[in-house]
1. Hey, does segment 80-91 have a residue that's free of Cβ contacts under 8 Å to residues at least 60 places away in the same chain and buried (at least 18 other Cβ atoms within 10 Å of the Cβ)?
2. For residue 67, all conditions in the list (1) crowded, with 17+ Cβ neighbours inside 10 Å; (2) outside the structural domain of residue 146 (by TED's automatic domain parsing); (3) in contact (Cβ under 8 Å) with a residue 12 or more places away in the chain hold save one; what is the number of the exception?
3. Would a scan of segment 29-49 turn up a residue that is over 30 Å from residue 152 (Cα atoms), at pLDDT 90 or above, out of contact with any helix residue (DSSP H, G or I) (no Cβ under 8 Å at 6 or more places or on another chain) and outside any loop (DSSP other than H, G, I, E, B)?
4. Which one of 71, 154, 125, 80 is over 30 Å from residue 29 (Cβ atoms) and assigned to a loop (DSSP other than H, G, I, E, B)?
C-alpha cells in the first residue's frame with residue numbers, strides 16, 4: 001500500500017548475506033498506473049553468479065519517497081551454468097605409439113560440480129579434422145584435499161614423427177564447456193631401434209670378399225618411435 005499515494009516504482013536488491021551487506025546488485029522498475037495492493041510484480045534479475053546462494057528483498061516508492069525494504073527471502077540457490085573453458089591438457093607418460101594426456105580440474109564449474117572431461121586430438125592446432133576419443137577421461141585422483149582432481153586418458157595408435165595437439169571439454173549438470181585451447185605439440189617416445197639378430201654368412205664371393213646377410217629388427221624401428229635409415 002502507498003498510504004494514500006500512488007506507487008511509482010519498485011526496487012529489488014540482492015546479496016549473499018541475509019543482512020544485505022554487501023549489496024551485490026539492485027534493479028529498479030516503474031509501477032504501472034492503477035496497480036492494486038496484493039498484485040504480483042515480476043522483475044528479471046541479471047548478473048547473479050551461477051550456483052551461488054543469494055537473498056533478495058524489495059521496497060516500493062511513491063511521490064513521497066522510498067519505503068523500507070521488506071525482510072529478505074530465504075536462501076535462494078541460483079541455477080548452475082555450463083563450466084568455463086578449461087585449461088589445455090598436458091602430456092604425461094609416453095610410449096612409441098601412445099601418449100597419456102591429463103588435465104587438472106581447476107576449471108570454474110559455475111555452480112555445478114564437474115562430472116567428467118572429454119578429449120580430442122588432431123595433427124594441427126586448428127583441429128580441422130579432430131578425432132574424438134571414445135568415452136571420458138578417467139579420474140585418477142585426488143578426490144579431496146587441497147590438490148585438484150586429475151583426469152587422464154591414454155591415447156593409442158599414434159605415429160612417430162608427427163605432432164599431436166589435444167583439447168578437453170568439461171561437463172556438469174548444466175551442460176558442456178567450450179573446448180580448451182590446443183595443448184603444446186606432443187610427440188610419441190622415440191629411441192634407437194631394437195637389437196638385431198647376429199648376421200650370417202650368405203656366400204664366399206672370393207678369397208677376400210664375403211657376402212653377409214642380416215635380419216632387420218622385427219619392428220624396423222617403427223615401434224620404438226623412428227625409422228631405420230642405415231645399417232653398419
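The values are calculated or read from the model by the stated rules, or taken from the named source; none is laboratory data. The structure displayed is predicted, hence computed values, not measured ones. Reconstructed Cβ throughout: ideal geometry from the backbone, glycine too, with neighbour counts over all protein chains shown.
1. Looking for residues that are free of Cβ contacts under 8 Å to residues at least 60 places away in the same chain and buried (at least 18 other Cβ atoms within 10 Å of the Cβ), one finds none in segment 80-91, hence no.
2. (3)
3. Among the residues of segment 29-49, not one is over 30 Å from residue 152 (Cα atoms), at pLDDT 90 or above, out of contact with any helix residue (DSSP H, G or I) (no Cβ under 8 Å at 6 or more places or on another chain) and outside any loop (DSSP other than H, G, I, E, B), which makes the answer no.
4. Values: 71 fails: over 30 Å from residue 29 (Cβ atoms); 154 fails: assigned to a loop (DSSP other than H, G, I, E, B); 80 fails: over 30 Å from residue 29 (Cβ atoms).
On inspection, the qualifying residue turns out to be 125.
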